[in-house]
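First up is the structure itself, then whatever we jot down about it.
Nothing in this text is a laboratory measurement; each read-out follows from the coordinates by a stated rule. Quick caveat: nothing in here was measured; it's all calculated off a predicted structure. In this analysis, Cβ positions are derived from the backbone assuming ideal geometry, glycine residues included, and neighbour counts consider all displayed protein chains.
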Amino acid sequence: MTIKGYDMDQYVIKGGNPLVGEVEIGGAKNAALAILAATLLTEETVQIENVPDVRDTQVMLEALSNIGASVNRIDAHTVRINTSTVNSVCLEEDFIKRIRASYYFVGALLGRFGQAVVALPGGCNIGSRPIDLHIKGFRAMGAVVRIDNGSVNANAGGRLKGGNIYLDKISVGATINIMMAASLASGTTVIENAAKEPHVVDVANFLNSMGANIKGAGTDVIRIIGVRKLHKTEYSIIPDQIEAGTYMVAAAATRGDVIVRNVIPKHLEAITSKLIEIGCEVQESGDAVRVVAAHQLMNTRVTTLAYPGFPTDMQPQMAVLLSLCEGTSTVTETIFENRFKYVDELTKMGADIKVEGNTAIIKGINGYKGAGLVAPDLRAGAALVIAGLAAEGFSTVSDIVYIERGYEDFEGKLANLGAVISKVDSEAEVQKFKLRVG
């Protein structure tokens, strides 16, 4: 499987249409990436359903193939994997550095083979994301870990041993990575101050479906009793709360009426409560959430926090919406220190945002004006698309390679809701689009 380059692609958008209709949410990217790596923990065949068909999952599957795993795409969202033929514990190719989740291969390879050599992770540049807590956990289980020439080199000299690990800071990645490695360790591992995000619970459920013994996922203490081996399973990944939240905010920003289907409303409570607070109507029913924004919306304060707080991955989208609300709002970012790079792009569209330290002070404006925009990262890129949808006139968003890391068929799903948007690969195509929709 080869990842094609889309670096010239951009979205061109004619704003001003309220989004109306229904949208189906795919599987959670952040759960899928860990679960795909975790297939390394068994020699038996694993079938995973509801896998989002996005660039990051394509990279993970290519990485598995490259070390000898059998990867069979049953359809766009179902994959069957057998890792009994894996012939290497080294993943140092350039392509794996593109994504943050490459570090999950360390926990999975270390758990199964007792050693791993994996290139240090890449992903979006939204601030410092060290893997020191991952390393602390592996060392507590008896591994010798060092960083050599841009790669994590971990060796347990055999089977890992259970240990007590206190995470100095809540970390989703470290929680999941330690949990995976500990599944096959001898003895009991306890993770304290563990992350509680829905995808942490999903990965634990996946591992338990293969015969792991993990208790407490979703609380701040997770206890893993190591087992000798894991077995085959069929598993369906939970819906993506951030994809869902993005469409909910897009509905509000365009003063639309959208039903977001295939969601777990409980996972969306922090987003839902903020939308209600600013004046949206939000209705929950079973596995769907409907967002209606018929009136002028009001200002509020948002602070990003670990789950169940407001997700950092929804912060840029929310800032785009708050710029269209009456009065002055604030957005305080407590997770990543470099997450306001989109502010300069919004300023091109007429936004009145001032960043002071880790807080953005947002004064409401009457509306955005279309502009040429550059996506600085995955979630900020999606936020800029929302701004373009709400703006007067035409906007382009380039560097959409970031957006495609985490949103499947973004332009197609938006177009189905009435957005006037197209993916193009040249300036000539932009001009054709403008003439066509005039």
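Based on Cα contacts under 8 Å between residues 6+ apart, the stretch 41-111 shows a relative contact order of 36 percent. Within the shell of other residues whose beta carbon sits under 12 angstrom from the beta carbon of residue 364, the net charge comes to -1, with Lys and Arg scored +1 and Asp and Glu -1.
Taking every DSSP beta bridge with both residues inside the chain, roughly what % is antiparallel (nearest 5)? DSSP beta bridges in the chain are roughly 70 percent antiparallel.
Positive-end ranking of 150, 140, 108 along the dipole of the stretch 45-150, with charges on Cβ about the Cα centre, is headed by 140. Take the Cα pairs of the stretch 1-154, get the Kirkwood Rh, then feed it into Stokes-Einstein at 25 °C and 0.890 mPa s and tell me D in µm²/s. Rounded, D is 145 µm²/s.
Tally Lys/Arg at +1 and Asp/Glu at -1 over every other residue whose Cβ is under 12 Å from the Cβ of residue 34; what's the total?
Within the 12 Å Cβ shell, the charges total -1.
Charged side chains reduced to their Cβ positions (Lys and Arg at +1, Asp and Glu at -1) give the stretch 1-102 a dipole of some 220 debye around its Cα centre. Under the convention that each Lys and Arg Cβ holds +1 and each Asp and Glu Cβ holds -1, the size of the dipole of the stretch 13-62 around its Cα centre is about 360 debye. Computed about the Cα centre, the dipole magnitude for the chain is approximately 840 debye when only Lys and Arg (+1) and Asp and Glu (-1) carry charge, each at its Cβ. Remark: for residue pairs 169/229; 274/363; 369/423, the C-alpha separation exceeds 25 Å in 169/229. Other residues lying with their Cβ under 10 Å from the Cβ of residue 54 contribute a combined charge of -4, Lys and Arg counting +1, Asp and Glu -1.
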